[in-house]
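The values are calculated or read from the model by the stated rules, or taken from the named source; none is laboratory data. Everything numeric in this text was worked out from a predicted model, so none of it was measured. Because the Cβ atoms are built from the backbone with ideal geometry, glycine has one as well, and the counts that use them run over all protein chains shown. Accessible surface areas use protein heavy atoms only, side chains included; no ligands, DNA or RNA. Shrake-Rupley method; radii C 1.70, N 1.55, O 1.52, S 1.80 Å.
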Amino acid sequence: MLDVNALTHVITRKGKEPLNVLDQVGFVVPGGHLLALIGPTASGKTTLLRILAGLAEPKEGTMSLKGRDLVARPLHPNELGWVSPHDDCLHAHLTVRESLMSALMLRGKGLSRDQIVSKVSHILVVVGLENIASEHVSTLALAQRRRLKLGLALVSDPVLVLCDDFTHGLDVRSEREMEALLRLVAADSPGRIVIHATDSLANLAAYDTVVVLHEGFVTYHGPAKALPHYFTVPTYDEVYSRLAKRPAQRWGDSWIRHRDSYYAAFKLGVTGEELAAAEEDTTDADRTVVMKQQEAEEKQKPASDDDVRPVLPLPGLFTQAMHLMKRRWSLMRRVTREWVTHVGLMVGTPVIAWLLVQPNLRHFQPGAETWAAAYTTSMIYLVMVTLVLFMSLRLASREFAASKTVIERERIAGVRPAAALLAALLFVLPISLMQSFWMGMFMELVTGGLPGQGGARLLLPALTGIAFASLCLGISANSSNAGRAHSACLTLLGINVLFSGALLGFPRLLGHLVNPFITAHYGWSGILDTLKTDKLFPALTTFVRTWFATPDIAAGMLLLHFLVGIVLAWIGLRRREA
């Protein structure tokens, strides 16, 4: 029994009065029940689902499931089945079976291969996808993607399944099939409750009961067949227009007055504690015979297997991270454009650097002017660092932002933000290091050796690459979409080139204030500082009016930038979607 009692949720708005999204919401849902949560747009349906899922906290009220206080003790991720409203929350390049197996491996600890295959096969049958289990998600029709989203929510055998706009955008036939599927899901596991939030009034008879929300108030809860009678309209389609003719609070007050009689008339069982709170004069004598009888049955009912059914434990942090990392590498191999881009950057950027440098190598020959050699040296390392930054940007800027809805769905399902971050680092950093080291090695080979200490020439560009990649991951995790993340990272790249101090240096004091925030400054100046004993250094310090960080300071600051990026990414991954 899910008992929602006097639930209130308020949004505070700067410069405006607080907005009551939910106001004294209360209803009861027994086990094995399919409930439709309907109402016009902005009636509070999604907010109520997120509160039930533990993704938002109510200002007042209580929620209990089998006597457990869900406000104090939210559901374990594997007790909850969350069906995301977003159709892009799936990995397009995984097959249907792989998607379900991946979800189960992220949510189930200690499962054998046979157990995973058996469980996935059962879910494929339940959601009706067994005949297309080997098809890639990108080839699925909309209705099939909805079935897969539901299947992903069922892998942990949840006791509460919450669906947000599950049938939105489907044709009439598919909508009826989806509602029949939800009924099957409710009956597939003992005691399971399925709640579907929708603004559609079609085929309401498919649900056991219907809760009507209007501007945060419950205006009705009962079987769909009684809706026209209660709202005095001829058809379901006119319910919303009828709601608009009276203030929402009046509808809510009216329902409170009629609720007990409707619950009794349709034998909906106990009404929960909200009836006692709403009816000041309610006494034991006022309770219906049906309510008393069911209360007595509940007290005498022995503990069933469902009551003590163990919750599937989540895998450990490292296990989740390893699976996410392996899946990410697999997805890259399957997306030809992605791996070709990375290979092209690894091959092409050193060639571009060489083409820019090659005409100026004559300045390193005996007899060449010192200032020309100093200028060429400074520009060579700026070009190398800039190209390393660009490769890191291309690698990391979209990593989280492009899969925002996938990350949110998996986070609700129990995937730890730290696991998602660790997996991304294990994917991004090896590629970044490979690209940076190859850039340095290639330039050493084609130039015959550049001025400066050899170790610093290889290490500092590599550290610059992973530091900037980490910062791009932080931006990506805090961006709403891939386009914004990429644009923000491009802006940061431009700032790094202009403010690095290589083109034109700031006054020394201002440089000390600005350069600590510029990743490129340390990758470039740390190498030049190794030329202190070289004849080029006096010319460098005359030409470049910027302070040079020592290699040790440069490496330390680049590691600090790397950690800043990790912290930003951690904050973004932990942030819940509104």
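Couple of notes before you dig in:
- Given charges at beta-carbon only (K, R positive; D, E negative), |dipole| of the stretch 111-261 in Debye: 260
- Antiparallel DSSP beta bridges within the chain, percent to nearest 5: 55
- The Rg/Rh ratio for the stretch 111-175, using Cα coordinates for both the radius of gyration and the Kirkwood hydrodynamic radius, is 0.99.
- Area accessible to solvent at residue 177, 1.4 Å probe radius, in Å²: 70
- For the chain, with +1 on Lys and Arg beta carbons and -1 on Asp and Glu, the positive-most of 115, 54, 526 along the dipole: 526
- Note that the stretch 78-152 carries a Kirkwood radius of 12.5 Å, evaluated over its alpha carbons pair by pair.
- Cα-centre dipole for the stretch 163-221 with unit charges at Cβ (Lys and Arg positive, Asp and Glu negative), debye to 20: 220
- For the chain, the longest principal axis of the C-alpha atoms and the axis of helix 248-265 are separated by about 50°.
- Cα-based Kirkwood hydrodynamic radius, the stretch 348-462, one decimal, Å: 16.3
- Gyration tensor (alpha-carbon) shape descriptor, the stretch 394-436, a/c threshold 1.5: oblate
- In terms of its Cα atoms, the stretch 502-578 spans 58, 22, 17 Å along the principal axes, sorted from long to short.
- Judged by the ratio a/c of the largest to the smallest principal axis of the C-alpha gyration tensor, the stretch 129-232 counts as prolate, that ratio being 1.5 or greater while a/b is larger than b/c.
- The value of relative contact order for the chain, using C-alpha pairs under 8 Å at least six residues apart, is 14 percent.
- Magnitude of the charge dipole, the stretch 52-123, Cβ model with Lys/Arg +1 and Asp/Glu -1, debye to 20: 340
- Taking 10 °C and 1.306 mPa s as conditions, the stretch 197-274 diffuses translationally at an estimated 123 µm²/s according to Stokes-Einstein applied to its Kirkwood radius (Cα pairs).
- Cα convex hull volume per residue for the stretch 452-524 (Å³): 92
- Relative contact order of the stretch 449-578, pairs being alpha-carbon contacts under 8 Å that are 6 or more residues apart, as %: 42
- Taking the convex hull of the alpha carbon positions in the chain and averaging its projected area over all directions gives 31.9 nm².
- Evaluated over the Cα positions of the stretch 318-385, the convex hull gives a direction-averaged projected area, one quarter of its surface, of 6.8 nm².
- Between the helical axis of 519-528 and the longest alpha-carbon principal axis of the chain there is an angle of about 20 degrees.
- Heavy-atom accessible area ranking, 1.4 Å probe, most first, across 13, 409, 173, 192: 173, 13, 409, 192
- In plain terms, the C-alpha convex hull of the stretch 414-457 casts an average shadow of 3.6 nm² when viewed from every direction.
- One Cα centroid belongs to the stretch 428-467, the other to the stretch 57-127; the line between them spans 44 Å.
- Taking all protein chains as they are arranged and a probe of 1.4 Å, the heavy atoms of residue 553 leave approximately 90 Å² accessible to solvent.
- Per-residue [θ]222 nm for the chain (sum of -39500 (n - 2.57) over DSSP H runs n ≥ 4, rounded to 500): -17500 deg cm²/dmol
- Counted over all Cα-Cα pairs of the stretch 6-162, pairs farther apart than 29 Å make up 31 percent.
- Relative intensity, log₁₀ I(q)/I(0), of the stretch 433-563 from a Debye sum that treats every alpha carbon as a point, q = 0.17, 0.18, 0.20 Å⁻¹: -0.93, -1.03, -1.20
- Cα long-axis angle, helix 551-574 against the chain (0 to 90 degrees, to the nearest 10): 10
- Translational D in µm²/s for the stretch 7-84 (Stokes-Einstein at 20 °C, 1.002 mPa s, Kirkwood Rh from C-alpha pairs): 155
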